[in-house]
1. Can you find even one residue in region A:11-33 that is part of a loop (DSSP other than H, G, I, E, B), in contact (Cβ under 8 Å) with a residue 60 or more places away in the chain and farther than 21 Å from residue A:154 by Cα?
2. If a residue must be part of a loop (DSSP other than H, G, I, E, B), in contact (Cβ under 8 Å) with a residue 24 or more places away in the chain and under 11 Å from residue A:86 (Cβ atoms), how many such residues does region A:109-124 contain?
3. Can you tell me which of B:487, B:496 is modelled with pLDDT of 95 or more, within 14 Å of chain A (Cβ to nearest Cβ), closer than 30 Å to residue B:302 by Cα and part of a loop (DSSP other than H, G, I, E, B)?
4. If you scan region A:46-65, which residues turn out to be more than 9 Å from every other protein chain (Cβ to nearest Cβ) and either surrounded by fewer than 17 Cβ atoms within 10 Å (Cβ to Cβ) or part of a strand (DSSP E or B) (or both)?
5. If a residue has to be away from chain A (no Cβ under 14 Å) and either within 23 Å of residue B:115 (Cα to Cα) or outside any loop (DSSP other than H, G, I, E, B) (or both) to count, how many in region B:424-446 make the cut?
6. Examine region A:129-142 for a residue that is modelled with pLDDT of 95 or more, within 14 Å of chain B (Cβ to nearest Cβ) and within 26 Å of residue B:456 (Cα to Cα), and state whether such a residue exists.
7. Restricting attention to region A:79-88, does a residue exist that is away from every other protein chain (no Cβ under 14 Å), in contact with a helix residue (DSSP H, G or I) (Cβ under 9 Å, 6 or more places away or on another chain) and in a helix (DSSP H, G or I)?
8. When only residues in region B:447-474 that are within 7 Å of chain A (Cβ to nearest Cβ) and under 20 Å from residue B:522 (Cβ atoms) count, which is surrounded by the fewest Cβ atoms within 10 Å (Cβ to Cβ)?
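The values are calculated or read from the model by the stated rules, or taken from the named source; none is laboratory data. What you see is a predicted model; the values in this text were computed from it and never measured. Heads up, the Cβs are rebuilt from the backbone with ideal geometry, glycines too, and the neighbour counts pull from every protein chain shown.
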């Protein structure tokens, strides 16, 4: 596999052919913000936070989906990109009911971290305060639609890693929401294996372990690396 | 069917029709049908006792606001506002004062009908009618006399641009698919027309479905595909029925299937019906929908010509694009390129709607001025009203104010003033229309039709609609302009697909041409058009 050299934020870095800008930048210590991308899962391109400027391209390119090329010049943190990212985070906070003070993942939430990192200290948009429900029918886990940002990590990990495809998205636009099976309560899902992978990959407090209270829920994604690496290297017989 | 049989069918049908004394063609597409065209047709049929007079259905004759329309071939007039009581007069070829349109009527004289050439002359449910008017001759020519690369060459020479809205050169797209080494390729006809007030594609499919099938088959031959799909809207049941009938007829006659017209070419067309999501008109969402997945777009690249339906190279074009193909093959690419504007040749069908005397369907050379279309063909705005703006391009387009009435209607001129050609919807507004409310209406449409995949579009349209709705209630504040512009910028630059990218267009174009109206809403809490109710603010 050949190597590509490119410039990201003025820094010359190398990457493997076929690698994405996001992963090449990550390996060089450049952290491009993202919420839907998660190493080991397929890429979705929905959160638009990892959009970067690529010289010679008129449109902004999603770093998680754009492959590196020789002599590519990438800027990941211009003023315009920062403004876009701030507004995207504001849109997310205004969309549903993200109340950190009473959230199980307070202090360990990717959305919260991102807001802090981007300097989003207030929301200029009108909060929508939708009336949303929680699904507490599962024995060990819970789903709180109020905190969901529709990144679909749960959908992808369940389908691609666990192989159950319990989760999917129903509804359109602002009415989109995560469902288990065909809209059945999670606890009655015939396909769910209760593995808990969805809970661990969820960036916010939308999926959590029952019994955790405010600021107690911490997510552990170590498993993903082991499973995906083992699968790639065929370390077990399928 | 072999070439000889096609030839024979054509001449036999032409002979049969020429022996008729009169052929009475009743419009039978959605507009006239809802005005009672079927009852009219039956009444005329009952009045017709002469064996040499035939009464049949036909495609859209354009002047939908005066429907039902009936054409009489004997005196070459189109009767308007026909009721069953007129049946006797029409059946006997008698004039009806004040309700007859001749070909020299301004509505027809300014048109150039290539795509709609058969509408008004052929029965959409009879393949023989299409063949009699030269149908499937282009397919025969493409199969018997042309190499696939010559077909692509002709389309390139025609400089035909995709009629779905963006105007991408069709020939380049065809070439990309044709050059791809894969042995499995697909041709898709995008008939998911969803712009409010637009009914061009639907009328073409209802009025002349074989033209689209022929265009697709030629495309299949050119790019090396053996399977085509038509993705139609579930909301147009008649179009679906006519496509089904046409596909069945073409199969029966051996114009689809294997060994078409005695050649080695094999091509099938199947119909897929959408469930009513506007976003499924976006090519990657449409492909996902055909594959049975949730109809939401996926990031491009890869573009469909490289990896489309089931990961195979796929040619996807609009109904109107395919409807142009048989003419291009028949008359040659150079001939086609000489019509219309040099950078965007050919004709374009526009659907005239809103505050205009003659609403309906017109086909004009691209580059015709808006004034000609609206005032010469469309008859202008009704008396007592004053023209304010014309909306083109649907929810992705913008408003054209009166000062641009002489603008040529072509892809590039429209983009330059902040709107777009789109698929051809043309909504006329008079001074009683409030531009802020127009922007709010289209934003509501985009909000409801956003698939929800990417955040800028899913949540941004909600917020933009919120601000616009607040303005129309008289509750706008100074900061709203800045926020609208900021959100528009985000949507335009960060959205995943065309729906989100274009959603701010109606806002930006009205802000550009009618900024003072917005200012009046915010500062004076007053709607200059007198449209918005500002009760809350007072």
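1. In the first step, residues of region A:11-33 are kept if they are part of a loop (DSSP other than H, G, I, E, B); the result is A:17-19, A:28-33.
With the extra rule that they be in contact (Cβ under 8 Å) with a residue 60 or more places away in the chain, the set shrinks to A:33.
Okay, now just the ones that are also farther than 21 Å from residue A:154 by Cα, so none.
Within region A:11-33, none of the residues are part of a loop (DSSP other than H, G, I, E, B), in contact (Cβ under 8 Å) with a residue 60 or more places away in the chain and farther than 21 Å from residue A:154 by Cα.
2. Summing the residues that are part of a loop (DSSP other than H, G, I, E, B), in contact (Cβ under 8 Å) with a residue 24 or more places away in the chain and under 11 Å from residue A:86 (Cβ atoms) in region A:109-124 gives 4.
3. Going through B:487, B:496 in turn, just one is modelled with pLDDT of 95 or more, within 14 Å of chain A (Cβ to nearest Cβ), closer than 30 Å to residue B:302 by Cα and part of a loop (DSSP other than H, G, I, E, B): B:496.
4. Scanning region A:46-65 gives A:52, A:53, A:54, A:55, A:56, A:57, A:58, A:61.
5. Step one: list which residues in region B:424-446 are away from chain A (no Cβ under 14 Å), which gives B:424-442.
Then keep just the ones that are either within 23 Å of residue B:115 (Cα to Cα) or outside any loop (DSSP other than H, G, I, E, B) (or both); that gives B:424-430, B:435-442.
Result for region B:424-446: 15.
6. Yes.
7. No, region A:79-88 has no match at all.
8. Looking at the filtered set, the residue picked out is B:466.
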